[in-house]
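Below is one structure, written out as C-alpha cells; the observations come after it.
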Amino acid sequence: MPALVPELVNMASDPTISTTDLLRRALVVARRLAVPELVDWISSEMNGYKHGTPLPDYRIVYGSLMAYNDVRGHDIPCSIEDHRTSELLRRHSEHQSIPVLEQLLASGVQLVKHFPASLESQLEDSMMIPMRPKLVFSNPQVQGIVEMVRNRILDWALDLEGRGIIGEGMSFTPQEKQAVQQQHYHFGNVSDSQIQIGSNGSTQTQANTTGNDIEALKGLVQALGATLANVKGDAADELRAELATLKAQADSPKPKWEIIKATARSIKTITEGAAGNILASLAQPHIATLMALAAA
C-alpha cells in the first residue's frame, strides 16, 4: 500500500490527475495529520468560499470591462478614464469551487460577472449608447487559480516529505503528527508566495492594503457623509451608524479590513433597499469603491 505523502507528491506532479481529485487526497492527509487550518482551506477549495470570508490572494482577479453591442452582435471593450475607478470595477473575488472552475475550463465557456443593478445603471448612464456592462475573464486566468491550488499542495507535500513525514501504510505515526503540529501552514492571504510555513511561537504579519485603498475608503466616507447630511429616516440613521464605523477604521493607523468589508456589505444591503436613492446620488468612483469592498 503506497505511503500517503509520496502518493500526494506524485498526484500533484501528474497533469492527468485533476486538481479536484488532488484536493480529495490532500484532505485525507490533512485530516489524518490533524491540521485544522489545512482542512479548512482544502474544504473551501473543494466546496467554494462563503461570501464574507477572506479569500486567498490568488482568487482576486481583474477582468476586462466589456459591453454587448446589439448592432454589431458581439462584445466591445468599455473604457473608464479614471484609473482608480477602472481598477476597482475590474477587481473580482472568485468564490466558486475548484470542481466548478475545472468544469468551466473543460466546457470552454468564459467566466463572466455582471454588476449589481444600481452600479450597472450608473455605468449605462455614463455611456453615449447605453449597453449592459460586464466583466469577462480569460480561461488562462481561471486556470491560474486552479494551478495555484495545485502548486500549494505540491509545496506542502514536498515539505512534509523533506522532513521525513511519509505516512506509511496510509497512516501517520505519533512522531510524524507531533512534527507537523510544530509548524504553522498558511495557505490563505499570503502575497507573492505559494506557501508560508512558520514554527510555533513565530509572528507573521501581512499587509493586505495599499495607500490607494485607504484614500479610496476616505473618499467614500466623505462622499457618503455629505450625501447623508440632510437625509432623514430609519435607513439614513442606519447608514450613519455604519458610516461612523467606516470612518473610525479609515482614520485608524491599523485599519481592520475585515471590519471594513463587513461594514461595506451592510451599507450595500441598506442602500439596495429603502435607501437606494442615496447610492444613486454618489459619484461613480465612490460606488465602485463600495461595491469592491462589499464583494471582497
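The values are calculated or read from the model by the stated rules, or taken from the named source; none is laboratory data. These numbers come from a predicted model, not from an experiment. Here Cβ is always computed from backbone atoms with ideal geometry, including for glycine, and neighbour counts include all displayed protein chains. When the accessible area is computed, the model is the full protein with side chains, heavy atoms only, and any ligands, DNA or RNA have been set aside. Shrake-Rupley method; radii C 1.70, N 1.55, O 1.52, S 1.80 Å.
From the list Asp21, Asp70, Asp75, the lone residue that is open to solvent by 20 Å² or more (accessible area, probe 1.4 Å) and under 24 Å from Ser97 (Cβ atoms) is Asp21.
For every residue, the table says whether it meets (1) over 30 Å from Leu38 (Cβ atoms); (2) without any contact (Cβ under 8 Å) to a residue 24 or more places away in the chain; (3) surrounded by 14 or more Cβ atoms within 10 Å (Cβ to Cβ).
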position: Glu94; (1), (2), (3): no, no, yes
position: Leu101; (1), (2), (3): no, no, yes
position: Asp125; (1), (2), (3): yes, yes, no
position: Pro140; (1), (2), (3): no, yes, no
position: Asn151; (1), (2), (3): no, no, yes
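Do we have Arg31 as of a type in the set (D, E, K, R), over 24 Å from Ser138 (Cα atoms) and surrounded by 15 or more Cβ atoms within 10 Å (Cβ to Cβ) here? No, not satisfied.
Give the residue, chosen from Ser86, Ser107, Ser43, that is surrounded by 12 or more Cβ atoms within 10 Å (Cβ to Cβ) and modelled with pLDDT of 85 or more. Steps first, answer last, please.
Working: Ser86 fails: modelled with pLDDT of 85 or more; Ser107 fails: surrounded by 12 or more Cβ atoms within 10 Å (Cβ to Cβ).
Checking each option against the conditions leaves just Ser43.
For the range 43-83, the candidate set comprises residues that are among the basic types (Lys, Arg) and in a loop (DSSP other than H, G, I, E, B); within that set, the residue that is farthest from Ser266 (Cα to Cα) is Arg72. Here Ile166 passes the criteria (1) at pLDDT below 80; (2) touching a Phe, Trp or Tyr at 6+ places or on another chain (Cβ under 9 Å); (3) open to solvent by less than 60 Å² (accessible area, probe 1.4 Å) except the one numbered (1).
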